[in-house]
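Computed from the coordinates by the stated procedures, all read-outs in this text should not be read as laboratory data. In this text the structure is predicted, and so the values were computed from the model without any measurement. Here the Cβ is made from the backbone with ideal geometry for all residues, glycine too, and neighbour counts use every protein chain on show.
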Amino acid sequence: MLKHLLPAGLCCLLLGWSLPAPAQVENSELGELTLEVLVGGLEHPWGLAFLPDGQGSLISERPGRLRWLDGQGRLSAPLRGVPAVFAQGQGGLLDVALSPDFARDRLVYLSYAESDASGERAGTAVGRGRLSDDQLALEGFAVIFRQQPKLSTGIHFGSRLVFDRQGLLFITLGENGQRAAAQQLDKLQGKLVRLHADGRIPADNPFAARAGTRGEIWSYGHRNAQGAALNPWSGQLWLHEHGPRGGDEINIPLAGRNYGWPLATHGVNYSFLPIPEARGERVAGTEPPHHVWEKSPALSGMAFYSAERFPAWRHNLFIGALAGQALIRLQLDGDRVVHEERLLAERGWRIRDVRQGPDGYLYLLTDEADGKLLRLGLRQP
């Protein structure tokens, strides 16, 4: 196993990466932040999952690699057994999540862009495989879900993976750039889907028994949700999604509800022209956003802070910003967003994923050709 792992600093030297930076200090409204660059040289990292018992973490890279960062900071070679991906545009290997029963079954779930037979169109797929005992391979990888039909030429795949308290799997699905499909219940574009851990459709899904609809659907009218997390206090799933030019939003999706896209939006096309199908910011029969940004930060990744380590962060929600190049801190009062702060705004980093670590620190991935894993803390008074 050791030949597959190198200390992070030695990896950097051998592969031409820059060495991890020492801890730095930045200011925030709640006090001084401590910032460490743990690993560099990751190629457009997308998702992060922590293994139990100090075994490190798994990091996905969009070109199609899954890496193990062990508990001593050594980065593995790409794991074997990872599926081939459609690595074009926004597509590739995307999110990574552990089975709720990982201690027993060692199953790792991956979401990724998968091409059709022609190689020209793609959609989101989700599969799972057993992490080998040496953490260097996925064994018996099998697909449990495919977005159908395949309509993307390289944009809007979603695709965050979240298990709820009952062990059911939520998957966020972009509309593949096909706006009208987000309102069509016979298609899986622009939907949030809910499945059993093996891919079966729960009998109580809102459209499971309705003819002409996809039983996987939990909610619809979503544009491109690249952040989702379970609220640790209420147990409800929250997600955020990209608007077009303006109108990024947070939603708390309820069963069978329509979240509006493209009929209801606070944004316009990138050309500054109106969205052709849009009828306004609020439209009868659709749910208004729980929270909205009139100017799009381009949201990605989401983590509620519930740890004891930094009490000032408790009941805050942290979200990455790609175009906004910042970490957004939202202060919550119950479910209400009462305050916003932008952190790391001078760094110029596109924040792709945000996770609360088992040690109570925040861990961030930067979406760059020389992507980084960062650890963020708050100095105690």
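Take the alpha carbon atoms of region 266-307, find their center, do the same for region 141-157, and report the distance between the two centers in whole angstrom.
23
Counting Lys and Arg as +1 and Asp and Glu as -1, each charge on the Cβ, what is the dipole of the chain about the Cα centre in debye, to the nearest 20?
Computed about the Cα centre, the dipole is about 560 debye.
Spelling out what I want: for every residue of region 221-236, take phi, set θ = phi - 60°, compute 6.51 cos²θ - 1.76 cosθ + 1.60 (Karplus), and round to whole Hz; glycine and proline get x.
x, 9, 8, 6, 8, 10, x, 7, 7, 8, 5, x, 9, 9, x, 7
In whole Hz, with x marking every Gly and Pro, tabulate ³J(HN,Hα) for region 178-195 from phi via Karplus 6.51 cos²θ - 1.76 cosθ + 1.60, θ = phi - 60°.
Rounded to whole hertz, the list is 9, 4, 4, 5, 5, 9, 9, 7, 8, 10, 9, 7, x, 10, 9, 10, 9, 9.
Using a Gaussian network model on the chain with a 10 Å cutoff between Cα atoms, which of ARG309, ARG342, ARG245 fluctuates the most?
Of ARG309, ARG342, ARG245, the most mobile in the Gaussian network model is ARG309.
For SER271 and ASP164 in the same chain, what is the full-extension length gain: residue separation times 0.36 nm, less their Cα-Cα distance, in nm? It would help to have the intermediate numbers written out before the result.
Details: separation 107, 0.36 × 107 = 38.52 nm, distance 3.86 nm.
The span from SER271 to ASP164 would gain 34.7 nm if fully extended.
Over the chain, with a Gaussian network built from C-alpha contacts below 10 Å, which listed residue (ARG336, ARG65, ARG355) shows the highest mean-square fluctuation?
ARG336
If you stretched the chain out fully between GLU281 and ALA84, how much longer would it get, using 0.36 nm times the residue separation minus the C-alpha to C-alpha distance?
66.9 nm
Cut-off 10 angstrom, C-alpha nodes, Gaussian network model of the chain. Which of TYR109, TYR270, TYR361 fluctuates the most?
Checking each option, the largest mean-square fluctuation is seen for TYR270.
Under 24 Å between C-alpha atoms is the cut-off here; go through the chain and count lysine pairs that meet it, provided they're at least eight residues apart or on different chains.
The number of close lysine pairs in the chain is 4.
Which residues in region 139-171 place their backbone N less than 18 Å from a point set 7 Å from the Cα of PHE102 along the Cα-to-Cβ direction?
Answer for region 139-171: 139-142, 160-171.
Hey, can you rank 114-121, 147-154 by average C-beta count inside 10 Å, highest first?
In descending order of packing, they fall as 147-154, 114-121.
Once phi is turned into ³J(HN,Hα) by the Karplus curve 6.51 cos²θ - 1.76 cosθ + 1.60 with θ = phi - 60°, what whole-Hz value does each residue of region 53-59 show in order, with x for glycine and proline?
Values, residue by residue: 6, x, 7, x, 8, 10, 10 Hz.
Along the Cα→Cβ direction, 7 angstrom out, place labels at ARG314 and ARG200. What is the inter-label distance in nm?
Each label point lies 7 Å from its Cα, and together they span 4.0 nm.
Would region 259-379 count as rounded, prolate or oblate if I go by the C-alpha gyration tensor, calling it rounded below 1.5 in a/c and otherwise prolate when a/b exceeds b/c, oblate otherwise? All intermediate terms of the calculation are to be shown ahead of the outcome.
Details: a/c = 2.81, a/b = 1.59, b/c = 1.77.
Cα axes put region 259-379 in the oblate bin.
Label-point separation (nm) for ALA142 and TRP233, each offset 7 Å from Cα along Cα-to-Cβ?
That separation, rounded to one decimal, is 4.1 nm.
How would region 259-308 be classified by its alpha-carbon gyration tensor: rounded, prolate or oblate, with rounded meaning a/c under 1.5 and the a/b versus b/c comparison settling the rest?
Verdict is oblate for region 259-308.
Quote to one decimal, in nm, the extra length available between ASN27 and GLU43 on full extension: 0.36 nm per residue of separation minus the C-alpha distance between them.
Between ASN27 and GLU43, full extension yields an extra 2.9 nm.
Apply the a/c threshold of 1.5 to the C-alpha gyration tensor of region 83-155 and tell me whether it is rounded, prolate or oblate.
Since a/c reaches 1.5 and a/b is larger than b/c, the shape of region 83-155 is classed as prolate.
So for region 2-378, averaging the separation of alpha carbon pairs under 8 Å that are six or more residues apart and normalising by length, what relative contact order in percent results?
This gives 13 percent for region 2-378.
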